[in-house]
Amino acid sequence: MDVSGLIASHAAKFQSVTVEKDTPPEVDVGFLIVTDLNPIDEESYGADLESHLQKLARDGTQALISKLFSLPTTPSPDGPVAQLPPPTTQIPRSKPLPKPKPPTKWERFAAAKGIQKKVREKKIWDEEKQEWVNRWGKDGKNKEKEEQWITEVPLNADVNFDPVKVARDARKERVAKNEKQQLQNIKRAQGTSSNTLEERKKQIERTVATTRISTASMGRFDKRLEGEKKLKGVKRKFDPAEAPADAERNASLALLNKMESDAKKTRREPDAQDSVLNVRKAVRFASKGRGALALAKDSRSKSRNAKGSRKSR
Amino acid sequence: MLRTVRPKNARSKRALDARAPKEIEDARTAIFVKGTHAGERVSSVMKDLMALKRPHCISFSKKNDIHPFDATTSSSGSTSQSSLEFWAAKNDASLFVIGQTTKKRPHGLTLVRMYDGRVLDMCEVGVEEHKSMDSFKTPKPRPGNKPLMHFASELFDTHPRFIQLKSLLISLFNGEVIDSICLNGLEHVISVSLSPTPAGLTTASPETTTNLNLPKVHIRAYTTQLLPSGTRVPRVELTPMGPALDLVMRRHQDADTETWKQAMKRPKVVKKDIESGLGKKRKNMEVDEMGDLRGRVHVGKQDLSKLVGKKMKGLKKGSGDDNAMDLDGEDAWDIGGKKKRKIQT
């Protein structure tokens, strides 16, 4: 039986999906990238650029698609989804790698003591109500003492003893303490180098100095504490009267440059050719202090009057 | 004293978390900046590139006095690099495309890549020819669709300038790591090809070559058609979609080695992390001890008013009442009964 006819008809119906190249194109399926490392053919490039480029792109894309369709897939409502391997091309990150979160003081302590972390349930069983209630938050169990309608008062209690207030204050204090510890953990995580300590010292010294001269007598009649140092003011410093000529010239030039630079100028000086006439002053004089707009209006109305008189004649 | 910055509410906390460094990064947001004079051709190129980059792009359509290769201060008193850094921090973007036309360098397009809020590397190209996307009357891919990319020339593996260009273009269009892709969603391919390599351009002395003898870059975009081939793998046919760009290489700035080394650091991703969503937070899914993926689904609140209960004669409103008129044929059990009541009164 001759099947060559069948094969030929099949080949005519379906075009091939294989790509013939000297060096097979490099495919990075993870990034959906194909790199064809064959040198560009000068003849076809010169003959017809667009068709040459399209042919190159088609061959490369065919190689990529072939690789993609041979990957393991999972079905989905939108069609098969290919599972991609991690990319082989390396491109730089846009942000540094995330740093691991530094352990809190408790976590370090727990690690040293070998304490296992227990997940605390958010709900807690209430024996009286016979249901699960919040540990904290709305109708929380931690507010039980404040909300109950009768409270035991100690025998030796004060007349003004308010058990609700005491319970509430204790709860608020616990919250505040926890918040403070959290802040300290964050601060510790950011790290306190000697540099920041120095800065802090300087800051405290400055505050002390400010408070010492912030009385009516500017600190003259205040009680001096033991071991307190005398305040030192800022000493004025002057440049030496005699300086080398080039240093002086450089300083002057720097000053002139600064004055000439446009960076900090809010209003431009008038140009050199205009400097003979001070336009603003002239306008003010001509309009008798009413401004340029009024001047323009005046001149327009004058010319209109002139035209009108010509017509009437 | 060190100030500890803490988000005040959940929304700002989420916003800060979204900006925080991640192990597996999202796609880079690109800012398209127009220089003091962009010109028609460059504006059109930027519009087309933005159409390909959408939705991860921001357009700065006003004129900006920016010259990324010059270290001098502009008239506003800040250097171009510091402006770029400021914009990058404000917009959480790490890529810039700057269009600028000058007499000396007409139709210039600069790609700037950032790392950790600072400029990593830059590459300037000149647009020689451009055919816009609108001039091809073909269907365009949907925004956000991942393109395939094709690079053709041996120089993309050997010449440092073209290695950098390839890396920049990958960062621009395809730099996001994904773990799966829908095969029906492959709609377009961006092809980057070079003109034939000139004889003098050997790999021996890449530094000494000037921009003049570097080959041209042809960027084309095509839509793909997948035709049946009788096998599992389909045959691909391409249709030009636009834009079509012919570029020449101009100035560039390489990354300094230390920063580059830091930027190329890879996270150690273990198999467990891959299962639990590749470093990204995956909610309501967990892998149990048997290795099965389990999920929790929120089904929303049930609408009980639409519930059709069992109809019983005894519960009918009008039953037993001898002068009651059954006005609305009792089609459904109406719990609200508003309509009925209105008719009866």
> What helices does chain A have that are whole DSSP H segments, at least 24 Å long along their own axis by Cα, and with mean Kyte-Doolittle hydropathy of -1.0 or more?
Replying inline: A:49-69
>> Taking just the alpha carbons, could you work out the radius of gyration and Dmax for the range B:212-253, both in angstroms?
In response: 16.5, 49
> Counting GluC sites (Glu not before Pro) as exposed when in a DSSP loop with at most 15 other beta carbons within 10 Å, what is the longest stretch of chain A free of them?
Replying inline: A:21-120
>> Expected output is a single nm value to one decimal: the length gained when fully extending between A:Asn134 and A:Ser261, i.e. 0.36 nm times separation in residues minus the C-alpha distance. What is it?
In response: 39.0 nm
> By count of other Cβ within 10 Å, fewest leading, how are B:Phe32, B:Phe151 ordered?
Replying inline: B:Phe32, B:Phe151
> So how many Å³ per residue does the convex hull of the Cα atoms of the range B:7-155 work out to?
Replying inline: 173
>> I need the per residue convex hull volume for chain A, using only the alpha carbons, in cubic angstrom as a whole number.
In response: 921
>> Explain nothing, just compute: Karplus ³J(HN,Hα) = 6.51 cos²θ - 1.76 cosθ + 1.60, θ = phi - 60°, for every residue of the range B:188-200 in order, whole Hz, x for Gly and Pro.
In response: 9, 10, 9, 10, 10, 10, 10, 6, x, 5, x, 5, x
> Fewest first, what order do A:Trp125, B:Trp87, A:Trp149 take by the number of other Cβ atoms within 10 Å?
Replying inline: A:Trp149, A:Trp125, B:Trp87
>> Could you tell me the extents of the range B:124-176's C-alpha atoms along the three principal axes, largest first, rounded to whole Å?
In response: 37, 30, 19
> B:Met241's amide H: which non-local residues (gap 5+, or another chain) put their own amide H closer than 5 Å, with H modeled 1.01 Å from N in plane and none for Pro or chain starts?
Replying inline: B:Ala221, B:Tyr222, B:Thr223
>> Of A:Ala170, A:Gln182, A:Ala157, which is farthest towards the positive pole of the range A:134-208's charge dipole, taken about the Cα centre with +1 and -1 on the beta-carbons of Lys, Arg and Asp, Glu respectively?
In response: A:Gln182
> Say the dipole of the range A:9-82 comes from +1 at the beta carbon of Lys and Arg and -1 at that of Asp and Glu; which of A:Val27, A:Ile40, A:Ser16 then lies farthest toward its positive end?
Replying inline: A:Ser16
>> With an 8 Å Cα cut-off and a minimum separation of 6 or more residues, compute the relative contact order for chain A in percent.
In response: 7
> Over the alpha carbons of the range A:9-82, what is the largest minus smallest coordinate on each principal axis, giving the biggest first in Å?
Replying inline: 46, 36, 21
> For chain A, modelled as a Gaussian network with Cα springs under 10 Å, which listed residue fluctuates most, A:Thr210, A:Thr74, A:Thr104?
Replying inline: A:Thr74
>> How charged is the neighbourhood of A:Thr210? Take every other residue with its Cβ under 14 Å from the Cβ of A:Thr210, and add Lys/Arg as +1 and Asp/Glu as -1.
In response: +2
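Only the coordinates and a few stated rules stand behind these numbers; no lab work does. As the structure is a prediction and not an experimental result, all values here were calculated from the model. Glycine also receives a Cβ, built like all others from the backbone with ideal geometry; neighbour counts cover every protein chain displayed.
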